[in-house]
Amino acid sequence: MRIPFRIGDALVYLFILLLIAASFAGLYQMGRGVVNNQVTVEVDGEIWGTYNIPAKGDERVVRIDAGDNRYNIMIIADSGVLIREANCPDQICVNWGNISRPGQTIVCLPHKVVISITGEQEGELPLDDIAS
């Protein structure tokens, strides 16, 4: 026995598709408005420097000296932060790529360098005392 396809069925399927599309659009837009972000660089557990993310189109090159002729060259741009060059043997930090959101980090274990983006995301609730 064949069950006929009715207009109500099409409306239900259309509503479900619209709901799924709206969910994905909401997830995509979540975290796009970034305000007041900074890049924090730690070397051997101590803060080595804090930098503001530059305006659109600008780029800043920072050489991070980890001592004993060890270095990392960090690029800070409006699109994010990356390590362009390092003289560590494994090159994981160079291959890591671009980070652009608060909470993301790049770590160079041989040089004990940790680069992280700190700041707030627009529309994001602040952490409470238990989470921080």
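The values are calculated or read from the model by the stated rules, or taken from the named source; none is laboratory data. Predicted, not measured: the structure shown is a model, and the values here were computed from it. All Cβ positions, even for glycine, are placed from backbone atoms using ideal geometry, and neighbour counts span all protein chains on display.
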Quick check, is ALA22 part of a helix (DSSP H, G or I), without any contact (Cβ under 8 Å) to a residue 40 or more places away in the chain and out of contact with any helix residue (DSSP H, G or I) (no Cβ under 9 Å at 6 or more places or on another chain)?
yes
ARG6: passes all of (1) of a type in the set (Lys, Arg); (2) modelled with pLDDT under 90; (3) surrounded by 10 or more Cβ atoms within 10 Å (Cβ to Cβ) but (3)
Can you find a residue in the range 26-38 that is in contact with an Asp or Glu (Cβ under 6 Å, 6 or more places away or on another chain) and assigned to a strand (DSSP E or B)?
yes
Quick check: is even one residue across the range 38-49 loosely packed, with under 11 Cβ neighbours inside 10 Å and either among the β-branched types (Val, Ile, Thr) or in contact with a strand residue (DSSP E or B) (Cβ under 8 Å, 6 or more places away or on another chain) (or both)?
yes
When ASN98 is evaluated against the numbered criteria (1) polar (S, T, N, Q); (2) modelled with pLDDT of 90 or more; (3) in contact with a Pro (Cβ under 7 Å, 6 or more places away or on another chain), which criterion, by number, is the only one it fails?
(3)
Determine, yes or no, whether ALA55 is within 23 Å of THR118 (Cβ to Cβ), loosely packed, with under 15 Cβ neighbours inside 10 Å, in contact with an Asp or Glu (Cβ under 7 Å, 6 or more places away or on another chain) and of a type outside the set (D, E, K, R).
yes
Scan the range 93-113 for residues that are more than 16 Å from GLU42 (Cβ to Cβ) and either in contact with a Phe, Trp or Tyr (Cβ under 6 Å, 6 or more places away or on another chain) or surrounded by fewer than 16 Cβ atoms within 10 Å (Cβ to Cβ) (or both) and report the count.
4
